[in-house]
1. Among the residues of segment 325-364 satisfying the criterion of being over 15 Å from Gly422 (Cβ atoms), within 30 Å of the chain's Cα centre (by Cα) and among the aliphatic types (A, V, I, L, M), which is surrounded by the most Cβ atoms within 10 Å (Cβ to Cβ)?
2. Considering each of Val105, Val30, Val127 in turn, give the residue that is in the same structural domain as Gly181 (by TED's automatic domain parsing) and closer than 25 Å to Asp188 by Cα.
Amino acid sequence: MTEPRASVVHSFLEWAEHRNIPAVRASVSVSSWTSTAILGAGVVLLAGKVPHVRDFFELRATPALVILAILYVTSVAGVVVTRNASPAVRGVATLIGSGMMLWFVSSLVTLSNTRGATVFALLPVFVASYHGYLLRAGPRYPFLLLPIALGIGGALLLDAQHAALFTLIAPLTVGVSLTLGAVALRTDDLNEQRERLREAVAARALEDKTRETQRLSSVLLDVLGQNHDIGNSLAAARVNADWLFRETDDGRLILPERADLHAMAAELRESLERIARIFAESRRIAQDMGPMATLHESSVSAAVGRASKNVELRFRRVVTVTMEVPSNTHVLVRGGPANLERVLENLLCNAFEGDGKAGASTVGVRVKDGPVGFVAIEVTDDGPGFAGEALRRDITALDTTKPQGSGLGLYTAERLVLASGGRMVRANRLGRGAIVSVTLAKGAMA
């Protein structure tokens, strides 16, 4: 095979694969050709048989109907025969169908009088332009030119009385079909570029999210230390501390010695309890924020309600939490509603605990619009607020000003928010109190 011929074959095969396949198949189905034949027969009968209209067009209906029948039979047979054929074979069949269609509409021009031919002359231009766009027949793939030439040439063989008219419409037919085909190809290229860009952005975002989640998991797991026996060691230490506490509380030791040992045992047990809480919380967070955790829609109002009840149980008193949260507000949180509840519970507890010496008496939760696609959940309180130094530095694990605190409350909340693609901002209110704003992506149910 010579090089030019090989280049043409390669270009044709590329075109056959590149066509807008769903649209082409819809246009060359049996039902579509049947609709075309019915419409064409109606036009022929109208222009060739109906009084007054017939006088205007003077269309010779019989040969036009014969050409339409040949078009219909040939096209339907092509659809049936090439249904499971290769793209190249279907491409050839499609070009034959286009040529037959152009032969039919061009024959309406040649089989009419001068007035009718002038009106029907628009049909070849319209059909060629539609097929040019549908079949992507731009200058890169000019394979529709042959069907156009054969269709117009076949019509002129019937009657060449309007040859001068075809010298005007033929170039227009070719130019419009190639132009619209080029527009279609350019549109396809732009759509492909946009899709590749969208996929690249989505892949990069997913990669960044996965990397951030893995980093957060590693940070939290580092809190546990490298010793996998820490749980067993803590259990044994707590048993010993309980035993020492009971032994020093039964009065067998001399009072000063007993009091000192008892105080030391109580302090030891309290310290071990705090370490145990840190261990359990860190392990739970690390699991919830692992790479397998996914984003789920969560109701903000439901999470606030559950978090408030949990805080009441924790403080063993009624807490005042005011809410301005629409019931239909949903956000996307990694790990689902349980983690949104944990974020809000940690923020509420932090507000009521304050700095460990004084806390808030009332906490408010309000939802407002954030950036496009996001909502902001604001937690405000009337407590002492954040220390200036605390606001100037990042939140870190185990950093706390509270004697009984684990240092994981705000840290846990921020990690969960960041892992969910959101952000958390702390500030002090004018006058007294603090405000923590959590921005999360809006759910589809919002």
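1. Selected residue: Val325.
2. None of the others qualify; the one that does is Val127.
The values are calculated or read from the model by the stated rules, or taken from the named source; none is laboratory data. Note that the structure is predicted; figures quoted are calculated from it, not measured. Positions of Cβ are backbone-derived with ideal geometry, glycine not excepted, and every protein chain shown enters the neighbour counts.
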